[in-house]
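**Student:** Quick one: this structure, given as structure tokens, is what I'll be asking you about.
The values are calculated or read from the model by the stated rules, or taken from the named source; none is laboratory data. Every value quoted in this text rests on a predicted model; they were computed, and no experiment measured them. Cβ: placed from backbone, ideal geometry, glycine included. Neighbour counts: every protein chain shown. Keep in mind that these areas ignore ligands, DNA and RNA; they rest on the heavy atoms of the full protein, side chains included. Shrake-Rupley method; radii C 1.70, N 1.55, O 1.52, S 1.80 Å.
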Amino acid sequence: RIQLGSFPEGRRFQGHGLDVSNTTDRVYSLSHNGDHSSVDIFQIDYMKECLDSLPWDCQPVSLTFIRSVRSNIFPNYGINDVVEAEENQIYVTQWQPFDFPIRGTDNPDGWLEKLQGMSAMPIFLIGLKMTQVFHCSWTEDSEASCEAASEQKFLGANGLTIDQDRSMVFVNDPVDKMITVMERDKNTGKLTKVSEIRLPYAADNIEYDDGADEIMIGTIPDIIVAIKKSKGENIPTPGGMAVAHKDATNNDWIVQDVLHHDGTKLSLISAAARWGDNVVLGSPFSEGILVCDMGVVET
């Protein structure tokens, strides 16, 4: 575990979507804090002597709190992922159209929260697109200002990533089984849809691999089982990793499966990454990760 240095005393931290920037050596984390959701920003400090000694018998990195980004347009518990655009700019996805009740969905406060809770399933069934991507910017001496980054709406804007030169932003919508490709105006921060990447099944978090020039995708091939798992059923939920890259001949996006896991060792995959010959899978229902050696072929 990594300790959070200089974190505000007494404040709740419930991490959600993450972005690690190699440009600024920062970690951006969504946090759901009871009565509001925010983006918390930390500076990474690498302990070189510890990193060079394997196996680690010390803490290789530490995180120091820099600032928290809040906005009245962030629904409570309704934001999902974040990505750094510049040193003082971020994009944030909204995956829920309404605030969650402070005391939980089973304890709404007043008729409005009850109505919003009751409308969730009808909104899902009719495919009403009510979520979006936010753009936030700030200066060293000012609080962040956030606004809608685009007129584009989503069923549930979820995973979010950006390419190496920070000109293209990718937004995943699990319900729509689609990644929306959006061009970024570096002067204004506004996003404009340029294309779509259709997926064979739902996906969760996405991450742009700068070295391979492709998008890594955490997959959810059985959304019904995933919903049952998220509601508390103790069942193995399959998932894995796919990648999306552009065809060099026609510029079309190609989606390829890399790994499929039946969910018995790690259930409900939310994120996938590569480390050498290994695929690393993560789940919100586990404190550990699953490492799969792709260099070993069983016969």
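**Student:** Which residues, counting only those in the range 95-115, are within 12 Å of Pro75 (Cα to Cα) and buried (at least 17 other Cβ atoms within 10 Å of the Cβ)?
**Tutor:** So in the range 95-115, the residues within 12 Å of Pro75 (Cα to Cα) come out as 95-102.
Trp95, Gln96, Pro97, Phe98, Asp99, Phe100, Pro101, listed by residue number.
**Student:** Shifting gears a bit: Does Asp25 satisfy being surrounded by fewer than 17 Cβ atoms within 10 Å (Cβ to Cβ) and out of contact with any Pro (no Cβ under 8 Å at 6 or more places or on another chain)?
**Tutor:** Details: surrounded by fewer than 17 Cβ atoms within 10 Å (Cβ to Cβ): yes; out of contact with any Pro (no Cβ under 8 Å at 6 or more places or on another chain): yes.
Here the answer is yes, as Asp25 does meet what is asked.
**Student:** While we're on this one: Hey, which of the strands (runs of 3 or more DSSP E) in the range 78-160, taking only ones fully inside, have at least 2 residues that are hydrophobic (A, V, I, L, M, F, W, C) and in contact with a Gly (Cβ under 9 Å, 6 or more places away or on another chain)? Can you show your working first?
**Tutor:** Values: elements: 79-86, 89-94, 133-137, 145-148.
Where strands (runs of 3 or more DSSP E) fall fully within the range 78-160 and carry at least 2 residues being hydrophobic (A, V, I, L, M, F, W, C) and in contact with a Gly (Cβ under 9 Å, 6 or more places away or on another chain), they are 79-86.
**Student:** Also: For the range 219-249: of the residues being assigned to a loop (DSSP other than H, G, I, E, B) and small (Gly, Ala, Ser), which is nearest to Ile206 (Cα to Cα)?
**Tutor:** At the first step, the residues of the range 219-249 found to be assigned to a loop (DSSP other than H, G, I, E, B) are 221-222, 231-238, 247-249.
Remaining after also requiring small (Gly, Ala, Ser): 232, 248.
Details: Gly232: 25, Ala248: 21 Å.
Among those that are assigned to a loop (DSSP other than H, G, I, E, B) and small (Gly, Ala, Ser), it is Ala248.
**Student:** Return the residue satisfying two criteria in turn: it lies in the range 1-27 and is under 17 Å from Ala273 (Cβ atoms) and among the hydrophobic types (A, V, I, L, M, F, W, C), and of such residues it is nearest to the chain's Cα centre (by Cα).
**Tutor:** Across the range 1-27, the extreme among qualifying residues is Leu18.
**Student:** Restricting to the range 165-211, and then to whatever is among the charged types (D, E, K, R) and under 15 Å from the mean Cα position of the chain (by Cα), can you tell me which residue is least open to solvent (accessible area, probe 1.4 Å)?
**Tutor:** Taking the range 165-211 as the starting set, the residues that turn out to be among the charged types (D, E, K, R) are 165-166, 173, 176-177, 183-186, 190, 193, 196, 198, 204, 207, 209-210.
Keeping just the survivors that are under 15 Å from the mean Cα position of the chain (by Cα) gives 173, 204, 207, 209.
Values: Asp173: 3, Asp204: 32, Glu207: 71, Asp209: 34 Å².
Restricting to residues being among the charged types (D, E, K, R) and under 15 Å from the mean Cα position of the chain (by Cα), the top hit is Asp173.
**Student:** Could you say whether any residue in the range 191-207 is among the hydrophobic types (A, V, I, L, M, F, W, C) and touching a residue at least 60 places away in the same chain (Cβ under 8 Å)? I'd like the intermediate steps shown before the answer.
**Tutor:** First, pick out the residues of the range 191-207 that are among the hydrophobic types (A, V, I, L, M, F, W, C): 191, 194, 197, 199, 202-203, 206.
Cutting the leftovers down to touching a residue at least 60 places away in the same chain (Cβ under 8 Å) gives us 191.
Checked the range 191-207: at least one residue is among the hydrophobic types (A, V, I, L, M, F, W, C) and touching a residue at least 60 places away in the same chain (Cβ under 8 Å).
**Student:** Give the range 12-47 a look and list any residue that's touching a residue at least 40 places away in the same chain (Cβ under 8 Å), part of a loop (DSSP other than H, G, I, E, B) and over 18 Å from Pro101 (Cα atoms), or say none.
**Tutor:** Thr23, Thr24 - these are the residues of the range 12-47 that are touching a residue at least 40 places away in the same chain (Cβ under 8 Å), part of a loop (DSSP other than H, G, I, E, B) and over 18 Å from Pro101 (Cα atoms).
**Student:** Give Met118, Met130 a once-over and let me know the one that is hydrophobic (A, V, I, L, M, F, W, C) and in contact with a helix residue (DSSP H, G or I) (Cβ under 7 Å, 6 or more places away or on another chain). So that I can check it myself, show each step before the final result.
**Tutor:** On the way: Met118 fails: in contact with a helix residue (DSSP H, G or I) (Cβ under 7 Å, 6 or more places away or on another chain).
Among Met118, Met130, only Met130 is hydrophobic (A, V, I, L, M, F, W, C) and in contact with a helix residue (DSSP H, G or I) (Cβ under 7 Å, 6 or more places away or on another chain).
**Student:** Let me ask you something else. Somewhere in the range 195-214, is a residue closer than 20 Å to Asp81 by Cβ, outside any strand (DSSP E or B), out of contact with any Leu (no Cβ under 6 Å at 6 or more places or on another chain) and of a type in the set (Ser, Thr, Tyr)?
**Tutor:** yes
**Student:** While we're looking at this one, here's another question. Given the criterion in contact with a strand residue (DSSP E or B) (Cβ under 6 Å, 6 or more places away or on another chain) and under 19 Å from His16 (Cα atoms), identify the matching residue among Asp99, Asp81. First the steps, then the outcome.
**Tutor:** Details: Asp99 fails: in contact with a strand residue (DSSP E or B) (Cβ under 6 Å, 6 or more places away or on another chain).
On inspection, the qualifying residue turns out to be Asp81.
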